[in-house]
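Novice: Just dropping this structure here.
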Amino acid sequence: MIPVKNIQDITVANLKNGEVTLSQLEEIYNKFGFIFEASEGKFIKIKREIRH
């Protein structure tokens, strides 16, 4: 089971070792302006969010 961590406590090593949940990863990517794309319940890609 993946332990619960604050986003600020997550390191690159945690990412490499798969110790980050999908929701934590999504929060990290959203902070940098990326969004996950999915279709039929499956992950397709990550793309840069266009902000106007």
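The values are calculated or read from the model by the stated rules, or taken from the named source; none is laboratory data. Every value quoted in this text rests on a predicted model; they were computed, and no experiment measured them. We place every Cβ from the backbone using ideal geometry, glycine too, and count neighbours over all the protein chains shown.
Novice: Which one of these does Ile28 not meet: (1) surrounded by 13 or more Cβ atoms within 10 Å (Cβ to Cβ); (2) at pLDDT below 80?
Specialist: In the conditions (1) surrounded by 13 or more Cβ atoms within 10 Å (Cβ to Cβ); (2) at pLDDT below 80, Ile28 misses (2) alone.
Novice: Another question about this same structure. Please specify each residue of segment 31-52 satisfying the condition of being modelled with pLDDT of 80 or more and out of contact with any Phe, Trp or Tyr (no Cβ under 9 Å at 6 or more places or on another chain).
Specialist: Lys31, Phe32, Gly33, Phe34, Ser39, Glu40
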